[in-house]
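K.L.:
This is the structure, below, for whatever I ask next.
The values are calculated or read from the model by the stated rules, or taken from the named source; none is laboratory data. Quantities reported herein were computed from a predicted structural model and do not represent experimental measurements. Because the Cβ atoms are built from the backbone with ideal geometry, glycine has one as well, and the counts that use them run over all protein chains shown.
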Amino acid sequence: MVFSSYIFLFSFLPLVLGGYYALPWVFRRLHRSEVFLSRSRNLFLLLASYVFYGWWNPKFILLMLLVSVVNYTGGRVISYPKAGPRQKRAGVTAAVVVSLSLLGFFKYGMFFQTNINEVLSWFGVGGIGIFQIVLPMGISFYTFQAMSYSIDVYRGDAPPARSLADFACYIASFPQLVAGPIVRYRAIAQQLIGRDHSWEKFASGVSMFVLGLSKKVLLANPLGGIADAGFGAQTLEVSDAWFGVTAYAFQIYFDFSGYSDMAVGLGRMIGFEFMKNFDAPYRAVSITDFWRRWHISLSTFLRDYLYIPLGGNRRGPRRTYLNLAIVMLLGGLWHGANWTFVVWGAYHGLLLAFERYLGKESVYHRLPRLARVVITFVLVLVSWVFFRCSTLHEAVLYLAAMIGLGGGTEPARLLAAVLYGRNELVIMALAVVVLAWPVPSYEWSERLTWPKAVVLAAALTLAVMAMCSQAFNPFLYFQF
Amino acid sequence: MNNARTESMVLTVGFILAIACAGIWQAIVEIGGGRPLQALDLFRRVPTAANLRAYERDLEDASWLTKQLRPGMQYRQFVWLKEAGEKVLIGRDGWLFYKPGVNVLLSRPRPISGNPGADDPVAAIVAFREALAERGIELLVVVAPNKESVYPDKLTWRAAGMSGVVGPKTVGLLRRLDAAGVKTVDLFAVFDRVRQTGGPPLYLIQDSHWSPEGVAVAAKAIAGQIIDYGWIERGDIAFEIRPAVVERVGDVLRMLQVPRLEQEAVPETIRCGQVIRSDTGATYKDDPDSQVLILGDSFLRIYETDEPGSAGLIAHLAGQLKQPLTSLVSDGGASTLVRQELYRRPALWKNKKIVVWEFVERDIELGAEGWQIIPLLPIGKNSE
């Protein structure tokens, strides 16, 4: 189910909120305890989340359940009072290996098979028959969350879950299930036991949700049309190529940060507090800064569970560069089973290592802030070409068009009809205004005022009107 | 959280009411209209992925809220932003274009599905030509140019001065057909030449199809080529042209699916030429025993079975060849559906020496049911 869909907004969400807030009323009349109430709410959310997830394909609920059971069991083994270091290590290893194996099979199985065939074809050997594997939606997100539990419990950073239902609720919780933010167990363990609910918290959740919905429906979806036209074109003029990739950069930001805003907002509506996932990333002054602002939950996850265990920056400059490259390479691969994502990750890894090598006293750091923002944005734009294209060949052709080696044909001139209409120019301008807005949505929604309430009401009305007139538009990050 | 309580309460209650009322009102509308509750359909189907998708789509289509909001939003987007939805592109000087067709012209070729008998036009055309050759029938392929291929300058300011453009996919198709020995009529060059000489537009402004002038030019070019090849000689039936004026709201305008825009639009006044038999004064009629069978899509239908009738390409080609034709038309289905229909109607083969197969340029990629290889009935069954 998609947040920006009729069925979610007008059927699923009111039913879930109604049920969730009706539970205390029912159970208090039955004189049940607060603990019972909190457990029953988690169970209710779990069932609702399975409906939400199963809406895409009911069969894959079983896979999520399996990941939940494996990691929950791992946590029980690790936290068993009589467990020694070996048993604890075995528990965490088993949980991580099973989770990664499932992720590897479903996400990288097809990639592996097609690459084997490619290599075989180099030697003139016929390929193997491809075993078709469907990628379960959001598997990268929920396996990472599940592993974070086992690792956090092993490290002693978090207590074990009090029940399988609570843990499964954490894994499946519908607000952040399919596209994050990646919520780490230690950040939410206490909230699974008891959460605060208040008018203020709910209203701030509504604010975030409406802002996210507006970003998705009013900006990301129309921007997607521009980006699709650019990236789908047979030939491109230089200006078209830059316009197309800029539209994609805006689209992916509004799409993904819109989803994250909605996730945070929905979480607040049911008492959870999720971390901020974006912090004005296109205002970053360096690639290092960009990664502090973009998909923060992933970059901190990779830092804490991969970069630091690899040695971080504690083993000298060369090892630091290598660690950065490894982390970003794997980060790229996490996004998708395609060489384009590997190159995208490697490119960012190289830039991070290069910035580390230059140090803070370099010429680059002495440039005016605006110049650094622009340079960083252009570097990021180049990386989005790899992210958006489905093959490396396509990416190279697109990059060639960006430096003037792709246009000059008559159809390329016609592309202006789909790129530079009034609607497209207005949307791009609006996107720039929103990006330049000084207060990000996370902070904007913290204190509600009457003018803000009016803005939110108008935004919701417009977003619903646009949603009802648009075709189905899933979120970009659903594929990861 | 540091929100003011009153504002928070108002926003929360307003939001809840907004999301809950849509469903409640929908139920009231359905019960009031004596219809079963659509939402309960969920429990009448097995919850498979496909059924859930269909349920969601049905719910959205039946939604009172969507029906209220969609036309207004689309109207405002059209008027304020010149945004015309998935199917329409607004060009210059009021010209409207069929967006998927423009996309075919601009986009990279789609990857082949891996089934060569399903989506390769050349394979399907060559197979058809060979099957016809076994019966001693000639094939002439006519690719009707997309409107934007003939009037790129009406699509965007950046194409100002361009009088015609042939997309790489079309060039590739025509080259491959030529290499395979398939005879084609190059309407792109013909239309380009006519455009250079001025005169009325060859395409309609609000419609994706050609104008009566375009029809006449195409008919003349096709007939000329048939006669040049010596496949048949001109007949001896004299036809004449009678002017007929129709008013038409273009198909592209209707694709906007905004009733208010259709109501506000001024229909195009179209001066057609109806083809009349000189001897009887009757409007043109097909002859099932003709030597020529013409297959095609809505480019054959317009003015022929549409108003005013007998003024489309079929009638005009018949007028040029001085003999009636046999025709088979499948709207949007010239790639495969029309040949499937032909397979089911073997009587149409009687006396045939030529098949003229017209399809619109965009069907190279967008043809309904792709480009399947459809066998012909065995020769022995011809005369049924």
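K.L.:
Picking from A:Y53, A:Y80, A:Y72, which residue would you name as being within 14 Å of another protein chain (Cβ to nearest Cβ) and of a type outside the set (A, V, I, L, M, F, W, C)?
P.N.:
Being within 14 Å of another protein chain (Cβ to nearest Cβ) and of a type outside the set (A, V, I, L, M, F, W, C) holds for just one of A:Y53, A:Y80, A:Y72, which is A:Y53.
K.L.:
For region A:333-342, indicate whether the set of residues that are among the small types (G, A, S), assigned to a loop (DSSP other than H, G, I, E, B), in the same structural domain as A:G230 (by TED's automatic domain parsing) and touching a Gly at 6+ places or on another chain (Cβ under 9 Å) is non-empty.
P.N.:
yes
K.L.:
Given the criteria buried (at least 18 other Cβ atoms within 10 Å of the Cβ), more than 9 Å from every other protein chain (Cβ to nearest Cβ) and more than 19 Å from B:F299 (Cα to Cα), does B:L140 qualify? Before you say what the answer is, go through the steps one by one.
P.N.:
On the way: buried (at least 18 other Cβ atoms within 10 Å of the Cβ): yes; more than 9 Å from every other protein chain (Cβ to nearest Cβ): yes; more than 19 Å from B:F299 (Cα to Cα): no.
Taking the combined requirement at face value, the residue does not satisfy it.
K.L.:
Across region A:6-26, what is the total count of residues that are within 23 Å of the chain's Cα centre (by Cα) and either more than 7 Å from chain B (Cβ to nearest Cβ) or surrounded by fewer than 16 Cβ atoms within 10 Å (Cβ to Cβ) (or both)?
P.N.:
Qualifying residue count for the region: 2.
K.L.:
Check A:A284, A:A280 and return the single one that is under 13 Å from A:H348 (Cβ atoms) and in contact (Cβ under 8 Å) with a residue 12 or more places away in the chain.
P.N.:
Testing whether each residue is under 13 Å from A:H348 (Cβ atoms) and in contact (Cβ under 8 Å) with a residue 12 or more places away in the chain leaves just A:A284.
Table: residues versus (1) surrounded by fewer than 21 Cβ atoms within 10 Å (Cβ to Cβ); (2) within 30 Å of B:P121 (Cβ to Cβ); (3) not aliphatic (A, V, I, L, M).
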residue: B:A244; (1), (2), (3): yes, no, no
residue: B:E247; (1), (2), (3): yes, no, yes
residue: B:M255; (1), (2), (3): yes, yes, no
residue: B:L261; (1), (2), (3): yes, no, no
residue: B:R271; (1), (2), (3): yes, no, yes
residue: B:S327; (1), (2), (3): no, yes, yes
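K.L.:
To continue, here is another question. Taking the condition of being touching a residue at least 60 places away in the same chain (Cβ under 8 Å) and not aromatic (F, W, Y), how many residues in region B:66-92 meet it?
P.N.:
9
K.L.:
For region B:307-329, which positions are part of a helix (DSSP H, G or I) and in contact (Cβ under 8 Å) with a residue 40 or more places away in the chain?
P.N.:
If the condition is that a residue be part of a helix (DSSP H, G or I) and in contact (Cβ under 8 Å) with a residue 40 or more places away in the chain, then B:L313, B:A315, B:H316, B:L317, B:A318, B:G319, B:Q320, B:L321 are the ones that fit.
K.L.:
Checking the conditions here, which among B:T156, B:T184, B:T170 is at the interface with chain A (Cβ under 8 Å from one of its Cβ atoms) and farther than 18 Å from B:Q372 by Cα? Steps first, answer last, please.
P.N.:
Details: B:T184 fails: at the interface with chain A (Cβ under 8 Å from one of its Cβ atoms); B:T170 fails: at the interface with chain A (Cβ under 8 Å from one of its Cβ atoms).
Sole residue among the options that is at the interface with chain A (Cβ under 8 Å from one of its Cβ atoms) and farther than 18 Å from B:Q372 by Cα: B:T156.
K.L.:
Pick out, from region A:354-473, the helices (runs of 4 or more DSSP H) lying fully within it that include 2 or more residues that are more than 9 Å from chain B (Cβ to nearest Cβ).
P.N.:
Hits in region A:354-473: A:363-366, A:369-388, A:392-402, A:422-436, A:441-444, A:450-469.
K.L.:
Within region B:1-93, which helices (runs of 4 or more DSSP H) (wholly inside it) include 2 or more residues that are of a type in the set (V, I, T), more than 23 Å from A:N221 (Cα to Cα) and more than 9 Å from chain A (Cβ to nearest Cβ)?
P.N.:
B:5-32
K.L.:
Still on this structure, I have one more. Counting just the residues of region B:330-380 that are in a loop (DSSP other than H, G, I, E, B) and without any contact (Cβ under 8 Å) to a residue 24 or more places away in the chain, which one comes out surrounded by the fewest Cβ atoms within 10 Å (Cβ to Cβ)?
P.N.:
Going through region B:330-380, the residues in a loop (DSSP other than H, G, I, E, B) turn out to be B:330-336, B:345, B:350-353, B:361-362, B:367-370, B:372-378.
In the following step, the residues that additionally are without any contact (Cβ under 8 Å) to a residue 24 or more places away in the chain were identified as B:345, B:378.
On the way: B:R345: 12, B:P378: 9.
Applying the filter and picking the extreme gives B:P378.
K.L.:
For B:L300, state whether it is farther than 21 Å from B:K147 by Cβ and crowded, with 16+ Cβ neighbours inside 10 Å.
P.N.:
no
K.L.:
Quick check: is even one residue across region A:360-368 crowded, with 17+ Cβ neighbours inside 10 Å, assigned by TED's automatic domain parsing to the domain that holds A:G244 and more than 25 Å from the chain's Cα centre (by Cα)?
P.N.:
Scanning region A:360-368, I find at least one residue that is crowded, with 17+ Cβ neighbours inside 10 Å, assigned by TED's automatic domain parsing to the domain that holds A:G244 and more than 25 Å from the chain's Cα centre (by Cα), so the answer is yes.
K.L.:
While we're on this one: Which one of the conditions (1) at pLDDT below 95; (2) surrounded by fewer than 21 Cβ atoms within 10 Å (Cβ to Cβ); (3) under 28 Å from A:N338 (Cα atoms) does A:G406 fail to meet, given that it meets all the rest?
P.N.:
Result: A:G406 passes all but (2).
K.L.:
Going by the conditions given, is A:T340 away from chain B (no Cβ under 14 Å), closer than 29 Å to A:L135 by Cβ and more than 16 Å from the chain's Cα centre (by Cα)?
P.N.:
So A:T340 passes the test.
K.L.:
Also, quick follow-up: What single numbered condition from (1) under 23 Å from the mean Cα position of the chain (by Cα); (2) not in a loop (DSSP other than H, G, I, E, B) fails to hold for A:W56?
P.N.:
A:W56 satisfies all of (1) under 23 Å from the mean Cα position of the chain (by Cα); (2) not in a loop (DSSP other than H, G, I, E, B) except (2).
K.L.:
Further question: I'd like the full set of residues that are more than 14 Å from A:G212 (Cα to Cα) and either under 26 Å from the mean Cα position of the chain (by Cα) or crowded, with 16+ Cβ neighbours inside 10 Å (or both), limited to region A:443-465.
P.N.:
Hits for region A:443-465 are A:E446, A:R447, A:L448, A:K452, A:A453, A:M465.
K.L.:
Working only within region B:338-349, note down all residues that are closer than 22 Å to B:K183 by Cα and among the basic types (K, R).
P.N.:
Answer for region B:338-349, where residues must be closer than 22 Å to B:K183 by Cα and among the basic types (K, R): just B:R339.
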